[in-house]
Amino acid sequence: MRRNWLIGGLIASVALNLFLIGLGAGAIALGMRLARENQAARPAALFWATQRLPQPARADIRAMLRSVRSETLAQAEQSRALRVQAWDGLAAPKPDPAAVKQALAQSRQLDIAVRGKVEESIVDFAVQLPPAERATLSAGLHQQLAPPPAKN
């Protein structure tokens, strides 16, 4: 009779462990899928930086940011493709470090150009705002772009 209990317990333990492993793997897969799907839906820091601006300035700057985004989207996608190409190059049997570094350098240059266009557009827009609204925008940008406080 003891042997039957031992075999039954062993079978139950294996079944429980398999269930828990499957549950954990499913939770990880679901979390990764949700993170990937929600990545594009998360508003950018610049969107939140404009949150305290009064209307119509808030709507105007957000429209300007959307316009700049559409203007620079091709460059941003090209930069992303160059980074993917560079990291894929490392997987080759004999990777070419110079080619990988060159693709990453080109990607960085595109990123800098996109960032420059966005920042210049914000400055051009902000100088037309009244001083109080400029201060509000500046505070919002500072709040969103400053590093988070250190955790103790």
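The values are calculated or read from the model by the stated rules, or taken from the named source; none is laboratory data. As the structure is a computational prediction, the values presented were derived from the model and not from experiment. Positions of Cβ are backbone-derived with ideal geometry, glycine not excepted, and every protein chain shown enters the neighbour counts.
What the table shows:
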{"quantity": "Selection within the range 93-152 - of a type in the set (D, E) and outside any helix (DSSP H, G or I)", "calculated": "D96"}
{"quantity": "Subset tally (residues that are within 14 Å of S79 (Cβ to Cβ) and surrounded by fewer than 16 Cβ atoms within 10 Å (Cβ to Cβ)) for the range 93-103", "calculated": "1"}
{"quantity": "Boolean, A57 is touching a Leu at 6+ places or on another chain (Cβ under 7 Å), of a type in the set (G, A, S) and modelled with pLDDT under 90", "calculated": "yes"}
{"quantity": "Members of the range 87-118 found to be touching a Leu at 6+ places or on another chain (Cβ under 7 Å) and either modelled with pLDDT under 90 or not hydrophobic (A, V, I, L, M, F, W, C) (or both), listed by number", "calculated": "V100, Q106, S107"}
{"quantity": "Qualifying residue in the range 33-40 (condition: at pLDDT below 90, basic (K, R), assigned to a helix (DSSP H, G or I) and not assigned by TED's automatic domain parsing to the domain that holds E119)", "calculated": "yes"}
{"quantity": "Unmet requirement for L30, which otherwise passes all of (1) in a helix (DSSP H, G or I); (2) at pLDDT 85 or above; (3) not basic (K, R)", "calculated": "(2)"}
{"quantity": "Sole exception among (1) touching a residue at least 24 places away in the same chain (Cβ under 8 Å); (2) surrounded by fewer than 17 Cβ atoms within 10 Å (Cβ to Cβ) for R66, by number", "calculated": "(1)"}
